[in-house]
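Below: the structure, in structure tokens.
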Amino acid sequence: MKDQKPYGDITTLNTCRDILDTVGKDMLQKIVSCFLELMETSSAIYEIDGSYAASLFTSSYCRFLDAASQGLCNTDNPAEALQSGKWLCHESCWTKASRVSIETGKPFDLKPCAGGINIYAVPIRAGEKIIGSINFGYGDPPTDEKTVNELAVKFKVDKEKQLLAAKAYKQRPDYVINAAKKLLHVIAEFIGEIYMRKMTEKELREKLNEVERLNKFMVGRELKMGEMKKEIQNLKRRIQELENVGGI
């Protein structure tokens, strides 16, 4: 699966890490990869604070515009680029799609995104608590002259290269897109279930460690009490011996 990003692995900037550390980077990548085999576009998983837990591109069109919009930020620092508001693809995926799904607690369908396709976002819940969001891009990239020219100006790219990337995408019928949306809900629920199980395991381990610590403390205390009793008995015996000696 192609996923070449000029700015590297953006999940290294994750400051929340609830989903990333609990579910695991490899597992998240596998989940997104399997899903993208169906759509061949892009997908991202966000923490509650907007940090990336996963981000993959399989569409040459999405990769092309993502790299171009990152270049608009005029910085080689990905963290600064994310905060600049100029990273158009990030703004669409996070600010205008996944963040909305988190804030409303409902799925959100962004039509269109900055690049002219659509983004479907679903909140990730762990019980009643929302811990993040997952989304995917869908729809045919624009190929009409007017929109291509507008996007070329917006992203500052060569319109012929942009059009070439757009035409490389294989159209998905509506029933596949609808199936993908349903699957995204299942994936969001699956991630939430993994998160809850891992958190439960963590809580149980912490409780077990506390019980073991208390057990060692109580055992140690009992040993010390036994030693103290022996010492008291020895002292009593010594006192008795001294009293007997004094009475002679």
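Observations on the structure shown:
- Filtered by the rule that a residue be within 24 Å of Asn77 (Cα to Cα) and aliphatic (A, V, I, L, M), region 20-32 gives a lone residue, Leu20.
- Put simply, of Val148, Val176 the only residue that is over 30 Å from Asp21 (Cα atoms), at pLDDT below 95 and part of a helix (DSSP H, G or I) is Val176.
Yes/no matrix, rows are residues, columns are (1) assigned to a strand (DSSP E or B); (2) surrounded by fewer than 24 Cβ atoms within 10 Å (Cβ to Cβ); (3) over 15 Å from the mean Cα position of the chain (by Cα):
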residue: Ser98; (1), (2), (3): no, no, no
residue: Glu103; (1), (2), (3): no, yes, yes
residue: Ala114; (1), (2), (3): no, yes, yes
residue: Arg125; (1), (2), (3): yes, yes, no
residue: Ile130; (1), (2), (3): yes, yes, no
residue: Ser133; (1), (2), (3): yes, no, no
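- Which listed residue is in a strand (DSSP E or B) and either of a type in the set (Val, Ile, Thr) or more than 21 Å from Gly139 (Cβ to Cβ) (or both), from Ala121, Ala53, Ala44: Ala53
- For region 104-134, the set of residues classified as touching a strand residue (DSSP E or B) at 6+ places or on another chain (Cβ under 7 Å) and of a type in the set (Asp, Glu) consists of Asp109 only.
- Sole residue being crowded, with 17+ Cβ neighbours inside 10 Å, hydroxyl-bearing (Ser, Thr, Tyr) and either free of Cβ contacts under 8 Å to residues at least 12 places away in the same chain or over 19 Å from Glu91 (Cβ atoms) (or both), chosen from Tyr120, Tyr138, Tyr169, Tyr175: Tyr169
- Any hit, region 204-215, residues being in contact with a Leu (Cβ under 9 Å, 6 or more places away or on another chain) and in a helix (DSSP H, G or I): no
- Any chance Leu164 is over 22 Å from Asp21 (Cβ atoms) and under 20 Å from the mean Cα position of the chain (by Cα): no
- Residue check, Thr200 loosely packed, with under 14 Cβ neighbours inside 10 Å, out of contact with any Asp or Glu (no Cβ under 9 Å at 6 or more places or on another chain), in a helix (DSSP H, G or I) and among the β-branched types (Val, Ile, Thr): yes
The values are calculated or read from the model by the stated rules, or taken from the named source; none is laboratory data. Remember, predicted model here, so these are calculated numbers, not experimental data. When we count neighbours, we look across all protein chains shown, and the Cβ atoms used for this are built from the backbone with ideal geometry, even at glycine.
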